[in-house]
Amino acid sequence: MKSLTIIQETHAGLLAEITTLLEGQGIDVRSVDGYTVGSVAVISLTAEPYRTCFTSLTEAGFKAFVSEQVLIRVENRPGALADISRRLANAQVDIRSIHFVDKKAGSCILALETEDDYKARQVLNKLLV
């Protein structure tokens, strides 16, 4: 799965500008997460079609980049995230970002961005979505 990250000077209405642009292009935003660091906004999203999304954002002047994410399904129980984190750490795979894509009573789908997606997929192969 591809994730887009937008790094932009923050201001009131930034998210509205981004989502209105994407709406106008018929782009389906599947997930969004954001935070600010000082005066800089960092907005991560998944959208389909992602190439159209990336092109629309960059042509509109937004600083955006694409990264690959590994999707896994884990049990929704205490310690499940710790187990995944330890498995990747033991394999010397650094986790750059992680977020919940879907959460239900029995399981969760997590999106991981790692330093080595190939190795992460090998370590977590039975959990891949």
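Nothing in this text is a laboratory measurement; each read-out follows from the coordinates by a stated rule. What you see is a predicted model, and the numbers here were worked out from it, not measured in a lab. Neighbour counts run over all protein chains shown; Cβ positions are idealised from the backbone, glycine included.
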Run the simple label-point estimate for residue 105 and residue 90 please: 7 Å along Cα→C-beta, distance reported in nm. 3.1
Full-stretch length increase - residue 77, residue 20 - with 0.36 nm per residue and alpha-carbon distance subtracted: 16.8 nm
From the C-alpha coordinates alone, can you work out the Kirkwood hydrodynamic radius of the chain, in Å? 15.8
Relative contact order as a percentage, region 2-67, C-alpha pairs under 8 Å and 6+ apart, gives 48
For residue 63, counting only aspartates and glutamates whose alpha-carbon sits under 13 Å away and dropping same-chain residues fewer than eight positions off, the answer is 9
Using a Förster distance of 35 angstrom, determine the FRET efficiency expected from the C-beta separation of residue 118 and residue 39, and round it to 0.05. 0.45
Answer in debye to the nearest 20: the dipole magnitude of the chain about its Cα centre, from +1 Lys/Arg and -1 Asp/Glu charges placed on Cβ, is 580
Run down the lysines and flag those whose C-alpha is under 23 Å from the C-alpha of residue 126, throwing out any fewer than 8 positions away in its chain. 2, 103, 104
